[in-house]
Structure formats: C-alpha cells, structure tokens
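The values are calculated or read from the model by the stated rules, or taken from the named source; none is laboratory data. These numbers were taken from a predicted model, which means no experiment stands behind them. We place every Cβ from the backbone using ideal geometry, glycine too, and count neighbours over all the protein chains shown.
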Amino acid sequence: MIKLLIRYKPISTLFFLVSTSLILLSVQTKIPNPTDSVQKFVFVGIYPFQLAAANTLRKAYHIWKSYIYLVNVEQENVRLREQIQILQMEKNEYVETALAYERLKNILNLTDVTSLNTVLARVIGRDSTNWASTILVDKGSSHGIEPNLAVITHEGIVGYTMSVSPRASKILLASDPSCSIAAIIQRTRDQGVVQGQLTNYYKMKYLIQGADVIEGDMVISSGLGGVIPKGLVIGKIARINKKSDGLFLDVDIEPSVNFSKLEEVFIVKNK
Amino acid sequence: MYFVFVIVLSLFALILQTAFFSVIQIKGAKPDLILIILTYLSLLKGAEAGSIFGFSFGLLQDVLSGMFLGSNALTKTLLGFTLGSIGKKLYVSSLLQMIFVFVVTFVNETLLSGLTLMLKAYSTQEVITHWIRVTPTESIYNSFLCPFIVLLLRFGERNFGLPQQ
C-alpha cells in the first residue's frame, strides 16, 4: 500500500489535499466556526506585517493627498466654507431639538440609547477574495473585543466581529450576504431584515406588501437579535420593486457606509 | 533557499493583496497574486509542488477572507495539480504565462462561484451577476500583473538555487 502511494505520489498528494479541503468545508456547514483557533494563530503571525503594510499605505496616501494631489483645492475650500455656514445653521436647530428631547426624556423616563461604549480600531486589511466582504482591524481580545460585537462608523453600521485574536479581529461587513441585520423603516416603523448582497446594495426582506414605504426612507437597526444596538443607521431605500404576488416587498437599500473607504471603525463593547 | 524565497514572496503577495490591492479595485475586482504564483510554479515545478502550494496558500487565503475554510484550498489544489500535469510538456514563455493566468483565473472564479452557491445562501442570479461583473476584469488584472510576479520568481531562481527550465 505504502509502495503504491509512493509510486503515485502526485496523485496520492492530490487525493489527501482534496479530501482535507472537503472535510474542512463539510465540518463548517455543520458547526459554526470550528477552526477559530487556527484563524487566531494565523492572525497572530500575520498581524505585524499586515499592520506595517497598512501603515505604509496610509502614509503614502497621506503624502499623495497632502502634498501632491492639490488640484481643485481652492474650489473645494470655497464649497466647504459655504457648507460650514449651512451646517452651522442646522446645528443650532439640532441643539434646540436635543434640549427639547432631553426635557421630554426626563419627563417620560426613557433610557438613553446613544451612549455606546466603543473602541476605535484601524482597518489593516481587507478580504483577499472577490467572494466575501470582511476586513481586518488592529484591535482584539486584549482590548476587550469579543466575537459578535457591532461595528459602526459615524455613517452607520459596518458589520460585526467574527474571529478575534489577542491583537486583531476579523469583521464581517454588512455588505456580505452572510450578514443579516434586524431593521425598521425609521418613518413608518415597518420591520424587516436587511441582508448584504454581492452587488452594491443591501436587500430588505420580510417587509410586508402593505408597508407605506417610499424611496429615500431611512432604514435603522431594530435591536432584535442582540448583536446590533437599536437605532443605528443602515441606509436608505433606493428601489422598491412591487410584486403583484407574494407577501413581501422586494426592497433595495443603499448602504450609509462607503465600505471601500473605511479606515477607522468603532467596535461597540456594550450591546 | 529558493523554497524559502517563494514562501516569503507568497506571504508578501498575500499581505499586499489584502492591504494594497483591495483598495485599488477595478470595477469591484481585486487581483489574485497567489493564483499567479501558483500558475507559474505549477507549470515549472510539476503537479505535486503545484497542489501542495495551492492547498497551503489557498488555506491561508481562506483564513484572511470571509470564505469557508477550504474553498480556495480546494480550487487551488485542483488547479495546481492540473497545471503541473500539463506544464512540463509545454514551453513556458512569458506570453503563454499571461494567457495561462487569464484562463486559470476564469476557472478558479467559476469553481469558487460554484462552491459559494453550494455553501452560502446566495441566489443563482446573484452569483452569476457577480461572476460576470468580477471575473473578466480580474482575469485581465491578473494577466497584467503576471510579468511582474514572474520577473520576481525568476530573480529568485537565478539567485537562490534552482536552475531555470
């Protein structure tokens, strides 16, 4: 038997490697994350190099943006000054609204949902394939990070933590089809589930046919499921494809986060 | 020594792929540098080396992505073996390398799309649309990057041991 294996070494190597791959694949369909310790081990080894590469890239980009690419800066300055004035006016209105909210909150004895305990993490790597959407960040279990914590930016929900090693974590982005978030339409309070797609849009599932939604409606997290806190922005409705049959609407959501430009994210430590 | 050079180069390629090339995607497609190295190595060093390299670095790629562990390992093992089996019979010129990388990328993405369809909850239409959007661009991207990687590998061959074939 051993002689035969040695004689047909390439074939037996192929058989062994293909079998190992198939076993790994089949195990994962039954048990979620059975290879977590292997992933942690790889993250620990690759972390310093990944961090160095990310830092080099960041510095190169900074030099490019700050010293080389200065075309249209003057026009942009004028535009930004105008925008600051508009935002200043809007800010004043919001301050008034916030004060009113604080008063009403005390009267109604509501709990504060905006005070999230977050950790700032830098993106040091992205998915190596075209078939999944993950990022690697420079914070891990030594910073109090655990699997299944929400990850956000000021724009909205980014995703949640998947695998965590002492100094790095893998984040499953909301744009990955494996990621589902319980959601509500902010205006109408209709509920559904937002799921990532391989396109640039999310899909909102289980939104009933009679829901009074329009394009441009904001979609926020409902807090159901326990991973993503309530009230975080997911995106806005881009398209509603009304079907004559079926119970639910077919709705495309434009993500609030630009995933291709993610540099820093916040990991929410309290759920 | 050449073996160590290839491993270091492949690890560097993998880090470059996740840190650099993911930022400069073309039409949503990022290149697969490991696939280029795999194509070159398999054609020159044979089926066994090709399948072992494909499995090891495919597995590493799986760890650094959201794919099921074993997806890239499986497709790259099969490709490494196939290329290694036919490669010895061919004269491997630079142009032929580029054509091989183009075709291999097509095959690899098709195999991955099949696996994705089987293992994840994607619709067939979604996978086909994504395949059409990403695969041709990635194939061209990989072919374009191929001469640079091959240049590095040949530099390694000249300086770290194994004679060029």
Report summary line: Within region A:168-183, restricting to residues that are of a type outside the set (G, A, S) and within 8 Å of the chain's Cα centre (by Cα), the one that is farthest from A:S142 (Cα to Cα) is A:L173
**Report entry** Complete set of residues in region B:122-147 that are hydroxyl-bearing (S, T, Y) and part of a helix (DSSP H, G or I)
**Finding:** B:T124, B:T129, B:T135, B:T137, B:S139, B:Y141, B:S143
Query raised in the report: Scanning for something among the hydrophobic types (A, V, I, L, M, F, W, C), surrounded by 15 or more Cβ atoms within 10 Å (Cβ to Cβ) and more than 30 Å from B:F68 (Cβ to Cβ), does region A:193-216 turn up at least one residue?
Result: yes
Query raised in the report: How about region A:224-250: which of its residues are modelled with pLDDT of 85 or more and of a type in the set (G, A, S)?
Result: A:G231, A:G235, A:A238
Report task. Return yes or no: is A:T20 in contact with an Asp or Glu (Cβ under 6 Å, 6 or more places away or on another chain), at pLDDT 85 or above and among the β-branched types (V, I, T)? Result -> no
Requested in this report: For region A:192-202, state whether one or more residues are modelled with pLDDT of 90 or more, in contact with a Phe, Trp or Tyr (Cβ under 7 Å, 6 or more places away or on another chain) and β-branched (V, I, T).
Outcome: yes
Report task. Output the number of residues of region A:199-216 satisfying the condition of being within 13 Å of chain B (Cβ to nearest Cβ) and without any contact (Cβ under 8 Å) to a residue 24 or more places away in the chain. Result -> 1
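Condition (residue is in contact with a Cys (Cβ under 8 Å, 6 or more places away or on another chain) and either farther than 30 Å from A:T161 by Cβ or crowded, with 24+ Cβ neighbours inside 10 Å (or both)) applied to region B:20-37: is it met by at least one residue?
Scanning region B:20-37 turns up at least one residue that is in contact with a Cys (Cβ under 8 Å, 6 or more places away or on another chain) and either farther than 30 Å from A:T161 by Cβ or crowded, with 24+ Cβ neighbours inside 10 Å (or both).
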Query raised in the report: List pairs: first in region A:10-27 and more than 7 Å from chain B (Cβ to nearest Cβ), second part of a helix (DSSP H, G or I), Cβ under 6 Å, 6+ apart or cross-chain?
Result: A:S12/A:L5
Query raised in the report: Mind checking whether some residue in region A:141-156 is among the polar types (S, T, N, Q) and within 24 Å of A:E254 (Cβ to Cβ)?
Result: yes
Report summary line: Selection from region A:220-259 of residues surrounded by fewer than 12 Cβ atoms within 10 Å (Cβ to Cβ) and under 18 Å from A:C179 (Cβ atoms) yields A:G226, A:N258
Requested in this report: Starting from residues that are farther than 20 Å from B:T18 by Cβ and surrounded by fewer than 23 Cβ atoms within 10 Å (Cβ to Cβ), keep the ones in region A:154-183 and report whichever is nearest to the other protein chains (Cβ to nearest Cβ).
Outcome: A:S180
Query raised in the report: Restricting attention to region A:100-119, does a residue exist that is in contact with an Asp or Glu (Cβ under 8 Å, 6 or more places away or on another chain), modelled with pLDDT of 85 or more and not β-branched (V, I, T)?
Result: no
Requested in this report: Would you check if there is a residue in region A:147-164 being over 14 Å from the mean Cα position of the chain (by Cα) and assigned to a loop (DSSP other than H, G, I, E, B)?
Outcome: no
Query raised in the report: For region A:53-63, does any single residue satisfy the condition of being in contact with a Pro (Cβ under 7 Å, 6 or more places away or on another chain) and modelled with pLDDT of 75 or more?
Result: no
